[in-house]
Amino acid sequence: MSYRESWMEEKRSAYLYRVIAEAEKETLRRNLFSGLAQEAELQAGHWARKLAAASQAVPGAYAPDLRSRVVAALVRRLGPKALRTPLAALKIRGLSVYDKTPPGHESPVRVEEVGRRHRGTKTGGNLRAAVFGVNDGLVSNAGLILGVAGATNDPHAILLSGIAGLLAGAFSMAAGEFVSVRSQREMYEYQIGLEREELAEYPQQEAEELALIYQAKGLSETEAQEIAKKLIDDPGKALETLAREELGLDPQALGSPWGAAVFSFVAFAVGASIPLLPFLISGGGGALFYCIGLTAAALFGVGAVLTLFTGRNALWGGLRMLAIGAAAGGVTYAIGRLLGVSLN
């Protein structure tokens with residue numbers, strides 16, 4: 001990145017920090033972003049001096065670009081927390097202050113404690129994603145099969161529709177997950193690359209920004225500065241911590257795009273195959289009733305499993321999911337029935 005581009009980026013950050021500070025009602029956060037605006041201005045001055053030393057023209061007054069103005073307007077309207085993702089893409093730091101600390105989790109007081117609550121959460125996230133993937137495949141393909149069954153009694157047509165729905169849905173889910181994870185990773189790689197450059201260019205300023213964030217989280221000025229200094233002295237730990245605390249990014253939450261795509265494909269296909277099984281095995285007149293029975297049992301099971309993540313009653317969760325699935329299936333069957341009658 002050129003000196004001029006670095007100057008522009010720091011000036012843009014300072015502009016957005018001031019917008020966030022004006023929109024923030026909580027005093028500690030307002031002070032944090034005001035302080036970060038001042039640090040960004042200091043870093044812009046650093047790049048201005050670099051430009052002058054290289055005999056390049058130093059830019060005059062900064063004028064925010066269209067993207068920055070749009071994000072600023074949304075921040076004023078919706079608040080900073082709602083705009084975390086676009087703000088992170090613009091390299092706005094301190095967004096981790098919008099993470100809610102679970103009850104009983106104290107602020108870090110040693111370097112070893114920084115980021116500890118982020119660790120070990122990936123397995124639970126994958127389980128939750130798998131359950132939702134199975135549920136998506138189950139509901140969507142069951143609805144498709146029931147809709148076609150309402151329009152025709154031909155088991156071959158129903159089977160073909162179910163297979164097509166399984167494949168189309170699974171590939172769609174896989175493609176969506178691939179693009180989503182790839183985009184997240186690209187943003188992380190870009191942001192962490194900038195942090196690496198800035199850490200090498202002005203480590204003291206990075207430590208000051210990190211200390212401001214820890215103060216906003218409740219640490220005293222002395223404790224915050226001590227932790228920040230120790231972290232900055234370890235480049236590897238510093239980069240990970242800067243990503244978490246300044247940019248609000250979680251490096252461990254970003255997996256492989258191909259892995260996410262395969263995972264999503266399999267989860268959806270498993271769910272979509274459940275209502276399809278009776279037609280694959282028998283294909284007779286009773287296949288539709290077996291399909292409904294299997295789908296109902298699976299919906300209840302998925303609803304019960306989802307209560308592991310919500311803390312609600314398993315029976316109630318299962319019955320609610322069954323009711324939702326039954327309503328979706330009933331509507332699609334009725335529509336298929338009407339279309340079948342009208343076409344015939």
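The values are calculated or read from the model by the stated rules, or taken from the named source; none is laboratory data. Remember, predicted model here, so these are calculated numbers, not experimental data. A quick note on method: Cβ atoms are made from the backbone with ideal geometry, for glycine too, and the neighbour counts reach across all protein chains shown. What goes into the accessible areas is simple: the full protein's heavy atoms, side chains included, and nothing from ligands, DNA or RNA. Shrake-Rupley method; radii C 1.70, N 1.55, O 1.52, S 1.80 Å.
Observations, loosely collected:
- Search result, residues across the range 179-194 that are among the hydroxyl-bearing types (Ser, Thr, Tyr) and either outside any helix (DSSP H, G or I) or touching a residue at least 60 places away in the same chain (Cβ under 8 Å) (or both): 180, 188
- Checking residue 157 against (1) surrounded by 15 or more Cβ atoms within 10 Å (Cβ to Cβ); (2) at pLDDT 85 or above, the condition it does not meet: (1)
- In a residue-by-residue description of the range 69-77, the property of being β-branched (Val, Ile, Thr), open to solvent by 40 Å² or more (accessible area, probe 1.4 Å), over 23 Å from residue 184 (Cα atoms) and at pLDDT 90 or above applies to no position.
- Residues satisfying the stated conditions in the range 179-190, i.e. crowded, with 18+ Cβ neighbours inside 10 Å, of a type outside the set (Val, Ile, Thr) and touching a helix residue (DSSP H, G or I) at 6+ places or on another chain (Cβ under 7 Å): 188
- Listing of helices (runs of 4 or more DSSP H) fully contained in the range 231-344 that carry 1 or more residues being modelled with pLDDT of 85 or more: 257-273, 277-281, 287-310, 314-343
- Looking across the range 168-178 at every residue that is touching a residue at least 60 places away in the same chain (Cβ under 8 Å) and surrounded by fewer than 17 Cβ atoms within 10 Å (Cβ to Cβ), the one that is farthest from residue 321 (Cα to Cα) is identified as 175.
- Residue tally, condition among the aliphatic types (A, V, I, L, M), within 21 Å of residue 216 (Cα to Cα) and open to solvent by less than 40 Å² (accessible area, probe 1.4 Å), over the range 1-44: 10
- Among (1) within 28 Å of residue 133 (Cβ to Cβ); (2) loosely packed, with under 14 Cβ neighbours inside 10 Å; (3) in contact (Cβ under 8 Å) with a residue 24 or more places away in the chain - the single one residue 197 does not satisfy: (1)
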